[in-house]
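This report concerns only the one structure given below.
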Amino acid sequence: MQRSPGLRIAVLAIAFAVVLGPVGFVCSAAAQPVQLTQAQADAVAAYDDALSQFKSILSERRAQIDAHQPLPNIPGQALYLARISVMSTYKDLTDAIPSRIGRPNKFGVPPAYFDAAIEPLIDEYLRLFEIMQAPPANAQNSATPFEDVVWLGTDIARAKGLDAANADAAGRISLGMFFAETNGKQNIGNARSNIYKGSFQTGPSEDRSGQHKWAAFKDKIAAFDPALIARDAKEEARAGNIDHRYNHWTAVRNGLMNAHADLFLQIPGIARALPDPIDQMKLFELIQIVPSPTKAAIASGNITAYRVSDPRIMGYLRNNSIFTFGKADRAKTSASYREILDAMWLFNDKFAHALTKFNEIKSRQKS
């Protein structure tokens, strides 16, 4: 099933320099007014309007939260759409006026899409989402959330028949999925969806599917790692009748079994085709976003050259911050998987954090 994953709150920001009027701006180097074409002036106006609306919805949501007022249904959606509009109009602006591409930003987003001058607005955006997506009171955290993901991913891969090195890769990829879905935060809700929740941002049917697959699979792990099965039994008893997506362990376990476990056997071939660990994580994230074409790309024997052109698939990609920003990106009607992977730059920081955390875990295990 193609879906729009619940939590895709990438860290972005956009801005433009001082606009003096409808047909000109100041060039800081020469301090001389520069005449804009009508298309450039339109791009300036569109960006200014989008930025104003973004500031307005940030202020509105902050006031509602601080006053403890009821929030609208899916309260993060308006914020998200306003941020997307800001970024899209800024990319159109820098396409029209390349000199407006600014300095690098703290989020590592390409400067053509992001003006570091309004980083504080994105900081506020993230603070609001953290409040709106706080775990429910009955959520069951783990004291070792990252280690749990790696342990489960690695053992599932071992039970599937992978050797130690490729099972390690499965653990690393699993941790990447946790960061992609929730920025590494366990048991969160979702301010943009009433369906997708928890550490792997799964829907109820996905969680049930993963749970059923686990019940039929876990004896294979018991044969070589009874400690994991003992932990699993403890977490099942702890979860009881609550939504299992709000127990970190069971949410991760079910999420992995539902979407990823069956493809772990493909990791050796994927690693040969995509030696960069971050590219590997991106490919598995695409299994979350557009599973059918991604599985077809893997089966094709030439992942990076495989092309998609179905308008529905391109729409799912755009809904997940891939070919989303600006008229030029949104005009794409087809793309190879190499182009898709390269366009997933909003995931780079998430996956880099996951890779760092994975290496820390492995270093502690060795010592």
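Here are some notes:
- As a length-normalised measure over Cα pairs under 8 Å and 6 or more apart, the relative contact order of the chain settles at 20 percent.
- Point-to-point label distance, Asn138-Leu126, nm (Cα→Cβ direction, 7 Å offset): 3.2
- Cα-based helix-to-principal-axis angle, 291-300 vs the chain, degrees rounded to 10: 80
- For region 274-367, the share of accessible area belonging to carbon and sulfur comes to 49 percent (1.4 Å probe, ligands and nucleic acids excluded).
- As a length-normalised measure over Cα pairs under 8 Å and 6 or more apart, the relative contact order of region 30-149 settles at 24 percent.
- Long-range HN-HN contacts of Gln140 with modeled amide H, under 5 Å: Asn247, His248
- For region 246-367, the fraction of alpha-carbon pairs in successive 10 Å shells from zero, as %: 12, 39, 35, 12, 2, 0
- Option label - P(r) over Cα pairs in 20 Å bins from 0, in percent computed here, alternatives [x] 22, 41, 22, 10, 4, 1, 0; [y] 28, 54, 17, 1; [z] 27, 45, 23, 5, 0: [y]
- Crossing angle, helix 277-289 versus the chain [Cα axis fit, 0-90 degrees, rounded to tens]: 90
- Considering only alpha-carbon pairs that sit under 8 angstrom and 6 or more positions apart, the relative contact order computed for region 108-214 is 23 percent.
- Of the solvent-accessible surface of region 173-262, computed with a 1.4 Å probe and all protein chains present, 53% belongs to carbon and sulfur.
- Computed with a 1.4 Å probe over protein heavy atoms only, the accessible surface of the chain comes to 42 Å² per residue.
- Cα long-axis angle, helix 38-66 against the chain (0 to 90 degrees, to the nearest 10): 50
- Residue-averaged [θ]222 nm for the chain, counting only DSSP H segments that reach four residues, each worth -39500 (n - 2.57): -18500 deg cm²/dmol
The values are calculated or read from the model by the stated rules, or taken from the named source; none is laboratory data. Small disclaimer: the values here were computed from a predicted structure and weren't measured. Virtual Cβ from ideal backbone geometry, glycine too; neighbours counted across all protein chains shown. SASA here: full protein model, heavy atoms, side chains in, ligands and nucleic acids out. Shrake-Rupley method; radii C 1.70, N 1.55, O 1.52, S 1.80 Å.
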